[in-house]
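To start, the structure itself, in structure tokens.
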Amino acid sequence: MFETLENLLQLIILNVCAAVSLLSALKRRKRPHMLLFFFYLSYLLGDIYWQVCLFYFEETPRISVVSDLSWYAAYLFLYLLIMTEGGDKHKNGRLAACAVKAFPVLMALFYMQWGEVLSNIIYALIMGLLFSRITGVLFSKTGKTGGRRLRRLCLTAMIFCLAEYASWTSSCFWDVDALRYTYYAGDLLMTLCFPFFIAALKAAPGEADA
Amino acid sequence: MSYVENIYICLAAPLLLAALMLKRDWKKALIFLLAGMTSCLLSAYVTTFFAALLRADTLTASYHLAPTVEEIMKFLPLLFYLAVFRPDRKSTVNSAVLVAVGFATFENVCYLTSNGTSELVKLLIRGFGTGAMHLLCGMLVSVGMFLLWEHKWLRNVGTFAVLCSTVTLHAIFNIMVSEPGLSTWIGSAVPMVLIGCILMITVKKDIFKDKDLKESDT
């Protein structure tokens, strides 16, 4: 019951966010807003596919590649959004870069005990790219600090990705009640993060909305 | 049993002859239609191969494998065109839509030969629904490519991401129309409504006019 409500809430919030970002993209004709719309759309399609499978077959998809493709797309659009906003100008130190890339790889190795190998490798690659950009913006000491907008965007993306990892990890221990609630909490946190991407893209005072 | 290769030859022959005779832009349009039909034919083979490889039953292949294979196969002629001819944005958009139309046409003809032509309402739903879905996927790919054209990294990663989204959209459609009754109606109506919305937006806002999008607010 709680899962159904949570999924419904996520679908509603994603729908609203997709509509708002589309309107904003059409009004402003700016690439970041379009990329944000594609991010929402991809995530929404993955969710809808999952729910459609549950509704028609009363089970999760037997071959989950289709919904996974949509979620890969969502993360890639988020990566492109950060890059477009100027995330490519920020780099981690060598040690930090290794640590940031090692985290998704180690997690993927852990998840491979339960999930598919290829899917986990792809997620590790995408998350590695995403984390290196996010941490580059948030923690780099290169002196080229990002604009407030970019930092807000990266902070939201960081919370979103960590919540996703929390959900994935706790779903590996589905039989343990406490960890099942962690899964719901992680998923709920992700749901609540969605509107903050729109807020993050709003121009901060002093950053001209050309 | 219907022999799709024979159907393909019958449909492709006049188009091919016409393509040889016509001038540049018309020729290009017909070649893209042909490429769409060829992709559809090849998708049937590839889906069957993967279904056998993964030991998937017909329904699983139709719901999960066919959308992935079909969208990738549909994209291959476009990828060739982009890689070899390096066309401008407008040509890319038009070619994506034409490939999708060719694909949908061939798929509908194959459906007709397998299931008969007696039920007009069912065929109307099928024709418009499938046509609209393939067109919608083609439009989504072309809109994505149009928006992500500027930089090489943006184009490559973005195109892959857009392609992934179209696979999911296609899979949702396949599942919905496979169930008879209201589900088929809704499944077929959604792509048509979405295409209507896209047309309204493109006409009103003219998002395809050859003007670069602004990189950022900042």
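Placing one equal scatterer on every Cα of the range A:2-201 and applying the Debye formula, the log10 ratio I(q)/I(0) at q = 0.08, 0.10, 0.14, 0.16 Å⁻¹ is -0.27, -0.42, -0.84, -1.10. Full extension of the chain between A:Glu116 and A:Leu54 gives 20.3 nm of extra length, using 0.36 nm per residue less the Cα-Cα distance. Spacing of the modelled spin labels on B:Glu119 and B:Trp26, each 7 Å from Cα toward Cβ, amounts to 4.0 nm. Roughly speaking, what % of Cα-Cα pairs in the protein assembly as shown are separated by over 34 Å, rounded to a whole number? Taking all Cα-Cα pairs of the protein assembly as shown, the fraction more than 34 Å apart is 34 percent.
Given that compact globular proteins tend to follow 2.2 N^0.38 Å, what is the ratio of the alpha-carbon Rg of chain B to that value? Write down the numbers at each step before the final one.
On the way: Rg = 17.8 Å, N = 218, 2.2 N^0.38 = 17.0 Å.
Ratio of Cα Rg to 2.2 N^0.38 Å: 1.04.
In whole percents, the pair-distance distribution calculated for the range B:121-164 from its alpha-carbon pairs, binned every 5 Å from zero, is 5, 24, 21, 15, 11, 10, 7, 5, 2, 0. For the cross-link pairs A:Lys27/B:Lys74; B:Lys74/B:Lys122; B:Lys90/B:Lys152; A:Lys91/B:Lys152, the ones whose C-alpha atoms lie over 28 Å apart are A:Lys27/B:Lys74. Per residue, chain A reaches -27500 deg cm²/dmol at 222 nm when only DSSP H runs of four or more residues are counted, each adding -39500 (n - 2.57). For B:Thr47, the shell of other residues with beta-carbons less than 13 Å away shows a net charge of -3, using +1 for Lys and Arg and -1 for Asp and Glu.
Report the far tail of the P(r) of the range B:74-131, meaning the percent of Cα-Cα pairs longer than 16 Å. Roughly 52 percent, rounded to a whole number.
For the chain pair B and A, the interface hides roughly 3800 square angstrom of accessible area in total, found with a 1.4 Å probe.
Convex hull volume per residue, computed on the Cα atoms of the range A:33-136, equals 84 Å³. Per residue, the accessible area of the range A:2-201 comes to 45 Å² when a 1.4 Å probe rolls over the protein heavy atoms. List the residues of the range B:157-174 that lose 30 Å² or more of accessible area once all protein chains are present, compared with their chain alone (1.4 Å probe, heavy atoms only, no ligands or nucleic acids). Relative to the lone chain, where solvent access is computed with a 1.4 Å probe, the range B:157-174 loses at least 30 Å² at B:Val157, B:Phe160, B:Ala161, B:Cys164, B:Ser165, B:Thr168, B:Ile172. Exposed loop positions in chain B were taken to be chymotrypsin sites (Phe, Trp or Tyr not before Pro) whose DSSP state is not H, G, I, E or B and which have at most 15 other beta-carbon atoms within 10 angstrom. Between these positions, the longest stretch is B:4-207. Accessible surface calculations at 1.4 Å, restricted to protein heavy atoms, place the range B:3-205 at 50 Å² per residue. Membrane-span-like helices in chain B, defined purely by DSSP H runs whose alpha carbon atoms cover 30 Å or more axially and whose average Kyte-Doolittle hydropathy reaches -1.0, are B:24-53, B:89-115, B:120-147, B:152-178, B:182-205.
Comparing B:Leu98, B:Thr113, B:Met73 along the charge dipole axis of the range B:1-141, the residue lying farthest to the positive side is B:Leu98, per the Cβ-charge model.
The values are calculated or read from the model by the stated rules, or taken from the named source; none is laboratory data. Everything quoted here is computed from the prediction, not taken from an experiment. Counting neighbours? That spans all protein chains shown, and the Cβs are built from the backbone with ideal geometry, glycine included. Ligands, DNA and RNA are excluded from the accessible area calculation, which covers all protein heavy atoms including side chains. Shrake-Rupley method; radii C 1.70, N 1.55, O 1.52, S 1.80 Å.
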